[in-house]
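The values are calculated or read from the model by the stated rules, or taken from the named source; none is laboratory data. Everything quoted here is computed from the prediction, not taken from an experiment. Note that each Cβ is placed from the backbone with ideal geometry, even for glycine, and that neighbours are counted across all protein chains shown.
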Amino acid sequence: MRLSYVLENLGNIIIVKKDYPDWFTISGGKGGDNHYLYELSYRFENPQPLTQASLKIDVEAVWKRFASGQDGEILERTGTTKIVSFWDWVLKDPKMARCIFIEFDMYQYHLSIGASEAIGWLRNSYHSLAQQLCYQDPAYWALVTVSRPDLRWWLLSFPYYQKYALPGQGTYFSHVDLNINEWLKCCRGANRMQTSISLDQETAEDCTFCVEGGHKTLEAFWRNEVIAKNLDKNGNTAKMSDLYTKPMEDKYGKSIPIVCGPGDLRITNQAVIHGATATKNGSAPGKKVRRVLNAWLVGMDDDHNTLEIPQLGNWETISRLHRDLLPSKHTPSGNINYHHPPKQRFPAAIEFRGLGPIPDARIGQRRWDSPAVFEDAQALLGGEEYSAQAEQIIATFRQNVRNRYVAEFQKMRRTEINAYGTNSYFKAVREGRWIPTRKRLDNGGGVWPWNPTRKRHGDFDIEATDDVSDM
């Protein structure tokens, strides 16, 4: 009736609006105050957006679900915990494991920086298939969430390079990934965790070391031994090799080797001094191959934009890096990456996505306040009543990965051959012009730098085939 009346009086529409103002306002329709009146007939009954506070997290249940009840207690007490065999589902799949290690070799082949300078880092690798899997694993995310004191669960994976340390290579470093002065002033970065997944069996001479209980003693050490002695250098990472000496260990906590096996996940409080055990100058170099993946999870505020480390950008920044497979210009602690990261996407990198709501959200390809993300998050982080649903989410994710990983690897292989032509890693291996590092029996004989073109019997396995066409 209203519409007919308006149509009949279009010539006097101003008078009609004056006589019947409610007909032309949002509040006059069925939708009430709903600003979607013209698309939707009814107002929302629950218009409040989903926030981080909307979720009910059961910390104890999550630890039991994905690790053990003791792991959380160990983390709180010592500052570091190790979840044994966390990635067995990946590394015990022979085809997936083979693809992962071949791709490591491919990136090592394309690395231009002198390996003695790289100290074990593949600084050209930000979005390998294995890294993308690490960035998206929902069980990984759940454990890091309950490791954080603030239980913030809107976490983004900051893309950074992976480790491929070789025998004879010095890999030593000792630092804290914090701006300690800002940490003392406003707790910036206090809730972050430093994590890694090991792919090889480590030893006490080739692993990460962590100061036991260091998250509880860092403040006293910094105030008493650094600030009080005017040794303070303000920065987003605090180098400790010259500061945290043997007398400091006796006073504030010992450096303990965290020896991981294939598939073990290490979680360390960000306020713990940590590093690598093999020395930088080569006096005690590494003795074996060590490959490690890191997923640097950074928290986000309820505005769904601001990151807890402002120097890393915002949600849009991280989303774009993952969407376009770009290298990051900063380190995970917020420093400018002075190691000259690549300026563009690695030519053979391909997207590995569509693995589920939580995986999408971790790489900024879906918002954390999405109802689908919230539903899965509640199941994964909820109490025992969610156990069956959580188990199904993880099982579906892992099966999806298994179904797709080899095909995605083959796609990456074809892309690399097409992009590099004669200089392709896969062509060089097939034609016997390059021996993959993992196939050299002595991996260079413990002397750096080794000559990758040398082919003396006894130095390494001279088999140069790396046929993946049967996979």
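Here are the numbers for this structure:
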read-out: One residue from LEU199, LEU143, LEU122, LEU155 being touching a Pro at 6+ places or on another chain (Cβ under 7 Å) and buried (at least 21 other Cβ atoms within 10 Å of the Cβ); value: LEU199
read-out: Answer residue from the range 336-362, given it is touching a Ser or Thr at 6+ places or on another chain (Cβ under 6 Å) and closer than 22 Å to ARG192 by Cα and is surrounded by the fewest Cβ atoms within 10 Å (Cβ to Cβ) among those; value: ASN337
read-out: Verdict on GLN311 being within 18 Å of the chain's Cα centre (by Cα), touching a residue at least 60 places away in the same chain (Cβ under 8 Å) and either surrounded by fewer than 18 Cβ atoms within 10 Å (Cβ to Cβ) or not assigned by TED's automatic domain parsing to the domain that holds LEU143 (or both); value: yes
read-out: Output for the range 75-96, where each listed residue is buried (at least 18 other Cβ atoms within 10 Å of the Cβ) and either under 16 Å from ILE256 (Cα atoms) or among the aliphatic types (A, V, I, L, M) (or both); value: LEU75, THR78, GLY79, THR80, THR81, LYS82, ILE83, VAL90, LEU91, MET96
read-out: Spans of helices (runs of 4 or more DSSP H) in the range 48-117 with at least 1 residues free of Cβ contacts under 8 Å to residues at least 40 places away in the same chain; value: 59-66, 69-78, 94-110
read-out: In the range 239-253, residue farthest from VAL176 (Cα to Cα) [restricted to those that are among the hydrophobic types (A, V, I, L, M, F, W, C) and touching an Asp or Glu at 6+ places or on another chain (Cβ under 8 Å)]; value: MET248
read-out: Test: residue in the range 205-227 that is in the same structural domain as LYS163 (by TED's automatic domain parsing), farther than 30 Å from TRP87 by Cβ, touching a residue at least 60 places away in the same chain (Cβ under 8 Å) and not acidic (Asp, Glu); value: no
read-out: Residue within the range 107-114 that is small (Gly, Ala, Ser) and crowded, with 17+ Cβ neighbours inside 10 Å present; value: no
read-out: Meets criteria (at pLDDT below 95, within 20 Å of ARG123 (Cα to Cα) and in the same structural domain as GLU202 (by TED's automatic domain parsing)) for HIS322; value: no
read-out: Positions within the range 121-151 being more than 19 Å from LEU265 (Cβ to Cβ) and in contact with a strand residue (DSSP E or B) (Cβ under 8 Å, 6 or more places away or on another chain), in sequence order; value: TRP121, LEU122, SER125, ASP150
read-out: Filter result for ILE358 (over 29 Å from THR245 (Cβ atoms), of a type in the set (Val, Ile, Thr) and either touching a Cys at 6+ places or on another chain (Cβ under 8 Å) or in a loop (DSSP other than H, G, I, E, B) (or both)); value: no
read-out: For ARG290: the one exception among (1) closer than 25 Å to GLU76 by Cα; (2) basic (Lys, Arg); (3) buried (at least 21 other Cβ atoms within 10 Å of the Cβ); value: (1)
read-out: Qualifying positions in the range 57-74 - acidic (Asp, Glu) and buried (at least 18 other Cβ atoms within 10 Å of the Cβ); value: ASP71
read-out: Tally, over the range 409-434, of residues that are of a type in the set (D, E, K, R), surrounded by fewer than 18 Cβ atoms within 10 Å (Cβ to Cβ) and either under 13 Å from GLU351 (Cα atoms) or modelled with pLDDT of 95 or more (or both); value: 3
read-out: Residue within the range 245-258 that is touching a residue at least 12 places away in the same chain (Cβ under 8 Å), surrounded by fewer than 22 Cβ atoms within 10 Å (Cβ to Cβ) and among the aliphatic types (A, V, I, L, M) present; value: yes
read-out: Subset of the range 160-205 [under 18 Å from the mean Cα position of the chain (by Cα) and aromatic (Phe, Trp, Tyr)]; value: TYR160, TYR161, TYR164
read-out: In the range 367-408, the residues that are crowded, with 19+ Cβ neighbours inside 10 Å and outside any helix (DSSP H, G or I); value: TRP368, GLY382
